[in-house]
Amino acid sequence: WLASHGLGSGSELTDDDKDQLKVIVEYALGGSPSLDDTSLHPVIDLQMIDVGGSVDTYAVITFTRNNAAGSVTITPEYSTDLVTWQDLTEVVTHNASAQPGLDVISMRLPTLVSAEARQFVRLRVDAK
């Protein structure tokens, strides 16, 4: 994938197209290291979700996943203090994207918005 975009080993952490996505992240999300892929930035919004028969407001992160990117893992994580991070496990939706080869995944944070004023979320992308 790197070579097909004119890049070599060691360029995984660069961002030559200045879209604030490192090359390894663009690969994981289905982007291109030579195009402005700001549309691939994860989206975080608040959604009313029924959990155990109770409808409440949760923060939800939505992101794309490149199904061909088998050499990386995407791990959505959350924190309340920016020090301790935990994996998100609650999938809200997982659907095929209109763009072939991509999935769109939405995952909710485990804590109600009203129960925790400070909630942070990120995507960690690691090479396998």
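The values are calculated or read from the model by the stated rules, or taken from the named source; none is laboratory data. Keep in mind it's a predicted model, so treat the numbers as computed, not measured. Heads up, the Cβs are rebuilt from the backbone with ideal geometry, glycines too, and the neighbour counts pull from every protein chain shown. Ligands, DNA and RNA are stripped out before the accessible areas are found, and what is left, the full protein with its side chains, is counted by its heavy atoms. Shrake-Rupley method; radii C 1.70, N 1.55, O 1.52, S 1.80 Å.
Has the stretch 12-19 got at least one residue that is β-branched (V, I, T), loosely packed, with under 14 Cβ neighbours inside 10 Å and either in contact with a strand residue (DSSP E or B) (Cβ under 9 Å, 6 or more places away or on another chain) or not in a loop (DSSP other than H, G, I, E, B) (or both)?
From the stretch 12-19, those β-branched (V, I, T) are 14; that's our starting set.
Imposing the further condition that a residue be loosely packed, with under 14 Cβ neighbours inside 10 Å reduces the set to 14.
Now drop any that are not either in contact with a strand residue (DSSP E or B) (Cβ under 9 Å, 6 or more places away or on another chain) or not in a loop (DSSP other than H, G, I, E, B) (or both), which leaves none.
So far as the stretch 12-19 goes, no, none of its residues is β-branched (V, I, T), loosely packed, with under 14 Cβ neighbours inside 10 Å and either in contact with a strand residue (DSSP E or B) (Cβ under 9 Å, 6 or more places away or on another chain) or not in a loop (DSSP other than H, G, I, E, B) (or both).
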Practice item. Confirm whether T62 is in contact with a Lys or Arg (Cβ under 7 Å, 6 or more places away or on another chain), at pLDDT 90 or above and open to solvent by less than 50 Å² (accessible area, probe 1.4 Å). Key: no
Review point. Counting just the residues of the stretch 26-36 that are out of contact with any helix residue (DSSP H, G or I) (no Cβ under 8 Å at 6 or more places or on another chain) and open to solvent by less than 80 Å² (accessible area, probe 1.4 Å), which one comes out farthest from T75 (Cα to Cα)?
Key: Y27
Practice item. Scan (1) within 22 Å of N95 (Cβ to Cβ); (2) touching a Ser or Thr at 6+ places or on another chain (Cβ under 7 Å); (3) not β-branched (V, I, T) for the single condition D45 breaks and write down its number. Key: (2)
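In this structure, is V55 loosely packed, with under 13 Cβ neighbours inside 10 Å and of a type in the set (A, V, I, L, M)? Reasoning before the result, please.
Details: loosely packed, with under 13 Cβ neighbours inside 10 Å: yes; of a type in the set (A, V, I, L, M): yes.
Judged against the criteria, V55 is a match.
Starting from residues that are farther than 21 Å from A68 by Cβ and out of contact with any strand residue (DSSP E or B) (no Cβ under 7 Å at 6 or more places or on another chain), keep the ones in the stretch 37-52 and report whichever is surrounded by the fewest Cβ atoms within 10 Å (Cβ to Cβ). Walk me through how you get there before you give the answer.
The first filter runs over the stretch 37-52 and keeps only residues farther than 21 Å from A68 by Cβ, leaving 38, 43-52.
After this cut, where a residue has to be out of contact with any strand residue (DSSP E or B) (no Cβ under 7 Å at 6 or more places or on another chain) as well, the list is 38, 50-52.
Values: T38: 12, D50: 8, V51: 12, G52: 5.
Going through the qualifying residues, I end up with G52.
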Practice item. Show the residue pairs that are 6+ apart or on different chains and have beta-carbon atoms under 6 Å apart, the first residue being within the stretch 13-41 and farther than 20 Å from G101 by Cα, the second being among the small types (G, A, S). Key: D17/S34
